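Everything on this sheet refers to the single structure shown next.
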Amino acid sequence: MGAGKRTRARRIGRWLAAAVVVLLLVVIGAGVYARDAWQQLMANQAIQQFEWQGMHLSLAGIRADGFSLVSSDPARPFALSGSGFVLGWDWQSLSLASVRIEQLEVELPAWPEPAAGGSGTSQSLLPEQAPAWLPDTISVNSLRVELPEETVIRGNIHVELAPAPEQWRMETTELWISGALPDSEGSGWRVNGIEGRIGVAGNAGVESARLDVLAGSTLNMNGVVSPDGGETVRLEQVKVRPGGSILEAGYSLSDRSLKTMRLTGPLALDVGMLQQANLKPQSWSFEGQLDGDLNRVDIRGVAKGAAGLVLDVDARWPFSGILRVAASAELEGSQASRILAETLEQWPAGIEISDGRLSAQASVRLPDKGPELEGKVIASGMSGITDRMAWTGLDGTLELSVENSLVIRTSELQLEQLNPGVPLGPVSITGSYRAPLQALTKGTVSLIRARAGFLGGEIRVKPGEWSLASLPVTVPVWLNGIQVERLMTVYPAEGLAGSGTLEGEMPLVIDRDGVEVAGGNIRAVAPGGTLKLPADRLQALARNNETMDLVVGALQNFNYSVLNSTIDYDQEGTLNLGLRLEGSNPQVRDGHPIVVNLNLQEDIPALLTSLQLSGRVNEAVTEKVRKLMEKREAGNGNN
């Protein structure tokens, strides 16, 4: 029994010894195989230098603390170094199962020269058949690749190398590409100073890729210039942030071409300075959605200007066609005038909006010949002041178009009241304005209807057309149903009273220096009315003149049957009235008929200022006029 045990022990010992010998032979064979594989790789790639540091050989494979490699091929120069190298065996197939590298640095000082095939065409980037020595997978935890033109790639990568090269795949959870791109031009638009840092995660095969763009990705451009050299649009210091978007691409490695590409997802854009002829230079930002491919790009989202204007934007750019941009905005309350004044280059000075809502919609096309625009501006219940005039209840729509000329139309623009000191309203205007783009102030005004309520009656403008390029122009204005009683109440003097109805005509002469009235006429409608003018207001007219003393007495309670007056108004604001009255006063000369001819003169700007200071407009206008008067008096005092 003891001898049997010893015999079995000797056998087991011999088996173990044999197993150890076999394992040693396998390891040695694997080492020889690995050496031959590396020698084959080095020969194929013209490896000039290859070094290992801290190599360890085991049954699991080969481990190395570090390695470096330099190619001597002038057509494909490169150098690489790494650490934490692990090469694993597949004992069943006696092949390389995997390569894991903790850190890998690759330097490519110049782009490889394309290798020509037998027909002179570029060869495919893929071999026809995968070399037998290639491992099944290659994983790099920390990769850094330095490419020509200061382009750098950082991140991690996992590559699956199937026996058939067309089945190779690459995956990454984080890969960053940093570098500069050459200036570009598309459809006449020029982009310069392009630099980017784009991070991606996803997978790619030999024919297609799907990558998620990582947060923190940026694409910077020094400038974007429209086809007309920046006269239409010029952008400076542009930063694009596409983080969260998805990139899908299809390509061919055989002819090195991009077949399809689509980028979709969120997009953020910052513009350091936007310059456009109709806008004040300022910074803008955009947040929205991007959908683009090789043929076009669509962008939808919200743009915000530094002045506070917020626009809903829908831009569509077919690369072979014309860029189209649709935009809309909503402005409410007192912020509207400030935002518009700080955004629009041509916003009229002195306009202040206090209430209501302003909506704007525009569609812009940017062909090579110049911008084209279709738009609407809609006012709803707006109120405010313009210079020293208050206005309330503005409602209506202005339609705008710009192509070869500027055209503005309104079907019915209504204003509840306009009050420069004497209220007018309601005001209603229907008409249009057309002007060449080279001379926007020299267009043609066409009025279909323009009327305004005034002192119980109305003011109407005769329909017609007037060219502002051929100044002066004369615009006929009709007065109908003006109530003398209302007229007396607005004049800033006590004791005035009257009755009757007036009508007449006032030809407005419009010149570059202002507006005047020449040869206007106003008259009373039969049967006439009454006038009551206080004596103390008329005493200066008498001046110890018996005839004028009679006139003063008669006008204190005058029943007129005829009231006619000429009207002249100059550009300095002086109103001259040539008044003729026919009637009687029961208390003067036993009521016998009296004819009165008076020449009256009034400083209308001073009269309106008095009315504005009296609070007849509103508190805002009164305060504005008061400050203006104080400033004027202070200026006169300094002189």
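Pick from segment 145-173 the residues that are acidic (Asp, Glu) and within 17 Å of LEU108 (Cβ to Cβ): which of them is most open to solvent (accessible area, probe 1.4 Å)? Among them, the one singled out is GLU150.
LYS280 passes every criterion in (1) farther than 22 Å from LEU175 by Cβ; (2) modelled with pLDDT of 95 or more; (3) touching a Ser or Thr at 6+ places or on another chain (Cβ under 7 Å) apart from (2).
Of all residues assigned to segment 182-196, at least one qualifies as being touching a Pro at 6+ places or on another chain (Cβ under 7 Å) and in a strand (DSSP E or B). Take the conditions (1) more than 23 Å from ARG409 (Cβ to Cβ); (2) modelled with pLDDT of 90 or more; GLY350 misses just one of them, which is (2). Inside segment 553-589, residues that are open to solvent by 60 Å² or more (accessible area, probe 1.4 Å) and modelled with pLDDT under 90 make up a count of 5. Does GLU149 count as within 20 Å of GLU51 (Cβ to Cβ), under 46 Å from the mean Cα position of the chain (by Cα), modelled with pLDDT of 60 or more and of a type in the set (D, E, K, R)? In short, no. In segment 57-71, the residues that are without any contact (Cβ under 8 Å) to a residue 40 or more places away in the chain and of a type in the set (Phe, Trp, Tyr) form Cβ pairs under 9 Å with partners that are part of a strand (DSSP E or B) and open to solvent by less than 20 Å² (accessible area, probe 1.4 Å), at six or more places apart or across chains, as follows: PHE67/GLY82; PHE67/PHE85; PHE67/ILE101. Tallying residues that are closer than 30 Å to PRO463 by Cα, free of Cβ contacts under 8 Å to residues at least 60 places away in the same chain and touching a strand residue (DSSP E or B) at 6+ places or on another chain (Cβ under 9 Å) within segment 487-526 yields 20. Entry remark, segment 342-366: residues being over 19 Å from ASP312 (Cα atoms) and either without any contact (Cβ under 8 Å) to a residue 24 or more places away in the chain or exposed (fewer than 15 other Cβ atoms within 10 Å of the Cβ) (or both) number 6 in total.
This table checks each residue for (1) over 30 Å from ILE510 (Cα atoms); (2) assigned to a strand (DSSP E or B).
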residue	(1), (2)
GLN556	yes, no
TYR560	yes, yes
LEU563	no, yes
ILE567	no, yes
GLU572	no, no
LEU577	no, yes
GLN587	yes, no
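Note on segment 590-628: residues that are of a type in the set (A, V, I, L, M, F, W, C) and modelled with pLDDT of 70 or more amount to 11.
Condition (residue is among the basic types (Lys, Arg) and over 24 Å from VAL225 (Cα atoms)) applied to segment 322-345: is it met by at least one residue? There is at least one residue in segment 322-345 that is among the basic types (Lys, Arg) and over 24 Å from VAL225 (Cα atoms).
Would you please name the residue that is modelled with the highest pLDDT, looking only at residues in segment 41-79 that are open to solvent by less than 40 Å² (accessible area, probe 1.4 Å) and either outside any strand (DSSP E or B) or in contact with a Pro (Cβ under 9 Å, 6 or more places away or on another chain) (or both)? Selected residue: ALA79.
Could you tell me whether segment 268-276 includes any residue that is touching a residue at least 60 places away in the same chain (Cβ under 8 Å) and within 12 Å of the chain's Cα centre (by Cα)? No; the residues of segment 268-276 include none that is touching a residue at least 60 places away in the same chain (Cβ under 8 Å) and within 12 Å of the chain's Cα centre (by Cα). Evaluated against (1) within 26 Å of GLY381 (Cα to Cα); (2) surrounded by 14 or more Cβ atoms within 10 Å (Cβ to Cβ), SER334 falls short on exactly one condition, (2).
Here are GLU494, GLU485: which of them is open to solvent by 50 Å² or more (accessible area, probe 1.4 Å), at pLDDT below 95 and part of a loop (DSSP other than H, G, I, E, B)? The unique qualifying residue is GLU494. Residue count for segment 231-253, restricted to those that are out of contact with any strand residue (DSSP E or B) (no Cβ under 8 Å at 6 or more places or on another chain) and open to solvent by less than 50 Å² (accessible area, probe 1.4 Å): 1. Out of all the residues in segment 259-274, is one or more of a type outside the set (Val, Ile, Thr) and assigned to a loop (DSSP other than H, G, I, E, B)? There is no residue in segment 259-274 that is of a type outside the set (Val, Ile, Thr) and assigned to a loop (DSSP other than H, G, I, E, B). For segment 455-476, filtering for residues that are in a strand (DSSP E or B), over 19 Å from GLU412 (Cα atoms) and open to solvent by less than 50 Å² (accessible area, probe 1.4 Å) leaves 6.
Among the residues making up segment 188-247, those that are of a type in the set (Lys, Arg) and more than 18 Å from LEU267 (Cβ to Cβ) are ARG190, ARG210, ARG234. Taken as a whole, the structure leaves SER411 outside the set of residues that are among the polar types (S, T, N, Q), at pLDDT 95 or above and surrounded by fewer than 18 Cβ atoms within 10 Å (Cβ to Cβ).
Does VAL302 meet the test of being aliphatic (A, V, I, L, M), modelled with pLDDT of 95 or more and open to solvent by less than 40 Å² (accessible area, probe 1.4 Å)? Criteria not met by VAL302.
Of everything in segment 80-105 that is modelled with pLDDT of 75 or more, open to solvent by less than 30 Å² (accessible area, probe 1.4 Å) and of a type in the set (A, V, I, L, M, F, W, C), the residue that is farthest from PRO163 (Cα to Cα) is LEU104.
Among residues of segment 177-188 being free of Cβ contacts under 8 Å to residues at least 40 places away in the same chain, of a type outside the set (D, E, K, R) and open to solvent by 30 Å² or more (accessible area, probe 1.4 Å), the one that is nearest to GLY243 (Cα to Cα) is ILE177.
The values are calculated or read from the model by the stated rules, or taken from the named source; none is laboratory data. Please read these numbers as outputs of a predicted model, since none were measured by experiment. Neighbour counts are summed over all protein chains in view; Cβ atoms, including those assigned to glycine, are modelled from backbone coordinates with ideal geometry. To get the accessible areas, we keep the full protein, side chains included, count just its heavy atoms, and leave off ligands, DNA and RNA. Shrake-Rupley method; radii C 1.70, N 1.55, O 1.52, S 1.80 Å.
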